[in-house]
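First up is the structure itself, then whatever we jot down about it.
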Amino acid sequence: MRVGALFVASILTLGLLVYLKNAGMLLMIGAMLFALSLAAIQLFISKSIVSPLKRLAEAVARMGGGDLSARMDESKAKDEMLFLYRSFNSYAATQQGWVEKLEHEIEVRRAAEAALAYSKSEELFRIRFENMHEGCQIIDRDYRYHYVNNAAAEQGRMAKDGLIGRSMSDVFPGFEHTEAFAAIRNCMENRIGVHFDNYFSYPDGGATWFELSVQPAPEGVLILSADISERKRADSEYLARMAAELANRTKSDFLSNMSHELRTPLNSIIGFTEVLLDSLYGSVNEKQHEYLGFINSSGRHLLTLINEILDLSKIQSGKRDAVLSSFELRATLELSLTMLREKAKQRGISLEGFLDPIAGIVLESDEQMIKQIVFNLLSNAVKFTPEGGSVRMEARTDGAEDGVIAISVSDTGIGIRKEDFGRLFTEFSQIDSPLQKRFEGTGLGLAISKRLVELLGGRIEMQSTEGAGSVFSIFLPRAAGSAVAGAAAKARQGE
Amino acid sequence: MVRKVLIVDDNAHNLMLEKDLMELAGFVVFEAVNAFCGIAIARREKLDAIIMDVRLPDMRGSDAALILRGEDFSRDVPIVFVTASVMAEGREEIRAIPNSGFIGKPINTRTFAKEIVAFVEAAASA
């Protein structure tokens, strides 16, 4: 405004001087005045317009650089410049307000997100603890349940909800007297962790093996527990198996020693009586001969007993393996008949075989075992049949399942009482009736025969009428292969 | 020609029984109650056969046999083990001894000497 007035005044002065017609001088004076006014104008413009604008530009630049606190000093501006400053300050204040508000909101949101993430990870941990296979419980310093996961509650056979806040001895009466509790208390008081196996007894009976790890925790103690009953069972089974094996070996060593120790004197008893009976050093009289015969047969009886005990023991411990071969059954059975023919004849017993139905049949089995079984049945029949009686062996393929041969030995002997049927096939069970004379034998023959038949995949059956006779039948598969493998495994397991 | 047999057995009665049977079969019998004495006799006498128990007081009959097999004087003398250890382990132990036989106790007095003679003759012809 002032500048305009000064400018107008200068022009008017110039016009006036021109009007005064003092052209040359006037022109010079006019030019000087003009120059003077120009300088004044320049000074004025610089002070009242350029500097404030410069400061304003600097403030804008500061704002642009992020300093929202930049403000213009309103006391140093007038008129339009003051208006400009105010506008700027107002704008800057608004901007600053907005940014601060945004920053605050971001801060709030960030905190919320962090809190959410934290609670999420805690939840994750909680879920993991809740559902882990091992039991996890935190006991507070008053021995109350502070935290119990699902597995721990299940292991304790308790509802989880009812546990928290209750004391251990309240939940499990008498628990405070157990070794496990002593270990927990020791950890609670001395802050030292401990790891041990515990056989935990439930209040309502029963007990389970747990592996416990008790560690100090800020709340009290942390107990991790794992059910190790399976492992303990496996351990005890392993120990039992070891013990059985040891017992078996001890038994086998014992039997081997016993056999040796008994055979040594028996060698003298049987040998010397034979030398005398055979009159190798001169003859003995009839009475002496008879008595020597008693000694000799008693010695032989003892020997049979030893052999059968060894045999039975071998079968029982699975050491008697079937040796499979192909052979014609009829020839094998006839050989057994031949072996007993002389004895039957001595006792006036007829011994007959009816083996035509199995002519040409070849068995895949253990011939030695079958010989032993059949010989045993035949010699029993001959032994228990009175003079003048008869013993017959029959073999057939019908009357039994497919692929099975039935061999039966029947006699007209003393028979067996019904009440004795059950123990007939067990060891040392020779039936001894007070009315009948005791028969020679070890009482092991049938037990051995039964086990051998089973080893070959067959079975043995008996029918008898007391006083009329007995029939023993064995049923043998033509091919014993798979049965032998199974029976051998079973025999070993059964030990 | 007289045939000579050595019997090594620590049981006096068994030794006597075997001696009787071998003498009755025409053998000259030397007796030893342990492996040490048996080896000494084998070194001194030219034997046709050795009858050897397995459980001897000073060593196993099988070990004594290994010693005998390692010496020139007894390398080829047939050895028949006569033992009461008739179970599988007992037989396993002597299986490795060359030119050896096995008879279990109690012996059969009626066939004992014959079995020894048969074994000696089989060994001689082999």
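The values are calculated or read from the model by the stated rules, or taken from the named source; none is laboratory data. Values in this document were obtained by computation on a predicted structure and should not be read as measured data. Neighbour counts run over all protein chains shown; Cβ positions are idealised from the backbone, glycine included.
Output the number of the condition that B:Leu15 fails; it satisfies all remaining conditions of (1) away from chain A (no Cβ under 13 Å); (2) modelled with pLDDT of 95 or more.
(1)
Of everything in region B:69-111 that's of a type in the set (Gly, Ala, Ser) and surrounded by 14 or more Cβ atoms within 10 Å (Cβ to Cβ), which residue is nearest to the other protein chains (Cβ to nearest Cβ)?
Across region B:69-111, the extreme among qualifying residues is B:Ala84.
Would you be able to say whether some residue in region A:250-262 is more than 14 Å from chain B (Cβ to nearest Cβ) and among the hydrophobic types (A, V, I, L, M, F, W, C)?
Checked against the condition, which is being more than 14 Å from chain B (Cβ to nearest Cβ) and among the hydrophobic types (A, V, I, L, M, F, W, C), region A:250-262 yields no hits at all.
Could you please let me know if B:Asp53 is of a type outside the set (A, V, I, L, M, F, W, C), within 13 Å of the chain's Cα centre (by Cα), buried (at least 22 other Cβ atoms within 10 Å of the Cβ) and within 14 Å of chain A (Cβ to nearest Cβ)?
When the stated conditions are applied, B:Asp53 passes them.
Somewhere in region A:176-192, is a residue more than 14 Å from chain B (Cβ to nearest Cβ) and either basic (Lys, Arg) or within 30 Å of B:Ala88 (Cβ to Cβ) (or both)?
Within region A:176-192, one or more residues are more than 14 Å from chain B (Cβ to nearest Cβ) and either basic (Lys, Arg) or within 30 Å of B:Ala88 (Cβ to Cβ) (or both).
Of A:Pro218, A:Pro265, which residue is modelled with pLDDT of 90 or more and within 14 Å of another protein chain (Cβ to nearest Cβ)?
Sole residue among the options that is modelled with pLDDT of 90 or more and within 14 Å of another protein chain (Cβ to nearest Cβ): A:Pro265.
Determine which single condition A:Arg62 fails, assuming it passes every other condition in (1) touching a Lys or Arg at 6+ places or on another chain (Cβ under 9 Å); (2) modelled with pLDDT of 85 or more.
All conditions pass for A:Arg62, except number (1).
What do you reckon, is B:Glu121 in a loop (DSSP other than H, G, I, E, B) and charged (D, E, K, R)?
Criteria not met by B:Glu121.
Only one of (1) on the phi > 0 side of the Ramachandran plot; (2) away from chain B (no Cβ under 14 Å) is not met by A:Leu337, so which one is it?
(1)
Collect the residues in region A:280-300 that are surrounded by 10 or more Cβ atoms within 10 Å (Cβ to Cβ) and either away from chain B (no Cβ under 14 Å) or hydrophobic (A, V, I, L, M, F, W, C) (or both), keeping them in residue-number order.
Across region A:280-300, the qualifying residues are A:Leu280, A:Ser283, A:Val284, A:Gln288, A:His289, A:Glu290, A:Tyr291, A:Leu292, A:Gly293, A:Phe294, A:Ile295.
Residues that are of a type in the set (S, T, N, Q): which helices (runs of 4 or more DSSP H) entirely in region A:106-203 hold 2 or more of them?
Counting at least 2 such residues, we get A:150-155, A:179-190.
Looking at the structure I just gave you, is A:Phe210 surrounded by 15 or more Cβ atoms within 10 Å (Cβ to Cβ), of a type in the set (A, V, I, L, M, F, W, C), touching a residue at least 40 places away in the same chain (Cβ under 8 Å) and under 20 Å from A:Asn149 (Cα atoms)?
yes
With respect to B:Gly101, determine if the residue is closer than 23 Å to A:Thr264 by Cα and out of contact with any Phe, Trp or Tyr (no Cβ under 8 Å at 6 or more places or on another chain).
In short, no.
Only helices (runs of 4 or more DSSP H) wholly contained in region B:5-89 count here; list those with 3 or more residues that are closer than 22 Å to A:Ser268 by Cα.
B:12-24
If A:Val275 passes every condition in (1) modelled with pLDDT of 90 or more; (2) within 12 Å of chain B (Cβ to nearest Cβ); (3) closer than 29 Å to A:Arg392 by Cα but one, which one does it miss?
(3)
Tell me the residue from A:Arg166, A:Arg157 that is in contact (Cβ under 8 Å) with a residue 12 or more places away in the chain and more than 26 Å from A:Glu230 (Cβ to Cβ), please.
A:Arg166
Considering only region A:321-334, I want to know if a residue exists there that is within 14 Å of chain B (Cβ to nearest Cβ), of a type in the set (D, E, K, R) and not in a helix (DSSP H, G or I).
Within region A:321-334, one or more residues are within 14 Å of chain B (Cβ to nearest Cβ), of a type in the set (D, E, K, R) and not in a helix (DSSP H, G or I).
Return only the number of the condition from (1) out of contact with any Phe, Trp or Tyr (no Cβ under 9 Å at 6 or more places or on another chain); (2) assigned to a loop (DSSP other than H, G, I, E, B) that A:Leu224 does not satisfy.
With respect to (1) out of contact with any Phe, Trp or Tyr (no Cβ under 9 Å at 6 or more places or on another chain); (2) assigned to a loop (DSSP other than H, G, I, E, B), A:Leu224 is out only on (2).
Given the conditions (1) surrounded by 12 or more Cβ atoms within 10 Å (Cβ to Cβ); (2) in a helix (DSSP H, G or I); (3) away from chain B (no Cβ under 13 Å); (4) over 59 Å from the mean Cα position of the chain (by Cα), and given that A:Ala244 satisfies all but one, which numbered condition is not satisfied?
Going through (1) surrounded by 12 or more Cβ atoms within 10 Å (Cβ to Cβ); (2) in a helix (DSSP H, G or I); (3) away from chain B (no Cβ under 13 Å); (4) over 59 Å from the mean Cα position of the chain (by Cα) one by one, A:Ala244 breaks only (4).
Hey, can you tell me all the residues within region A:316-352 that are in contact with an Asp or Glu (Cβ under 8 Å, 6 or more places away or on another chain) and farther than 20 Å from A:Ile407 by Cβ?
Listed by number, the residues that qualify are A:Gln316, A:Ser317, A:Gly318, A:Arg320, A:Arg347, A:Gly348.
I'm trying to understand the selection: among the residues of region B:58-68, which are crowded, with 20+ Cβ neighbours inside 10 Å and either without any contact (Cβ under 8 Å) to a residue 40 or more places away in the chain or within 14 Å of chain A (Cβ to nearest Cβ) (or both)?
B:Gly61, B:Ser62, B:Ala65, B:Leu68
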